[in-house]
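Notes follow the structure.
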Amino acid sequence: FKHELLPRKLSALCYDNSQETELKKRHELKIAIIGYSGSGKSTLANFLGQHYNCEVLHLDKIHFTSNWQERTVDEMTDDISTFMLQSDWIIEGNYSACLYEERMREADVLSISTLTELIVSIGRLGVI
């Protein structure tokens, strides 16, 4: 678990339950999850979405239409922009061409996901 790779509040959240309580009290939680393919980003996003009762946007799911046609960056950016207007959100995925800097700047918590960190982070939240 590379604590120094977890900027802002995620590292505190993993070690200090009072931070988790404070984030819940504000009723405003924005989480950006990025990482390698197959590292557990979707699993972590789904878990946190259920844990915090917060809607999740999986960027892979908006990258394609229902018949597997690739969408344009502009189409994806429009969807992400609309999603980010919510007071709470979890956005999972890399897609550097799609509001990457804005997602990182607006997120209260940034998670850089590897499978090992996923297991350790969930364990430190005290729910497994």
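The values are calculated or read from the model by the stated rules, or taken from the named source; none is laboratory data. Keep in mind the model is a prediction, meaning the values are calculated, not measured. Here the Cβ positions follow ideal geometry from the backbone for every residue, glycine too, while neighbour counts run over all protein chains shown. Remember, those area values only see protein heavy atoms, side chains included, never the ligands or the DNA or RNA. Shrake-Rupley method; radii C 1.70, N 1.55, O 1.52, S 1.80 Å.
For this structure, a couple of remarks:
- Tabulated pairs, segment 78-102, first under 16 Å from N53 (Cα atoms) and in contact (Cβ under 8 Å) with a residue 40 or more places away in the chain, second among the small types (G, A, S) and open to solvent by 30 Å² or more (accessible area, probe 1.4 Å), C-beta under 8 angstrom, 6+ apart or interchain: E92/S42
- Of all residues in segment 111-128 being among the hydrophobic types (A, V, I, L, M, F, W, C), open to solvent by 20 Å² or more (accessible area, probe 1.4 Å) and not in a helix (DSSP H, G or I), the one that is modelled with the highest pLDDT: I112
- All positions within segment 76-107 that are modelled with pLDDT under 95, open to solvent by 90 Å² or more (accessible area, probe 1.4 Å) and not charged (D, E, K, R): S96
- Among the candidates V73, V56, the residue that is open to solvent by 30 Å² or more (accessible area, probe 1.4 Å), more than 19 Å from S111 (Cα to Cα) and at pLDDT 80 or above is uniquely V73.
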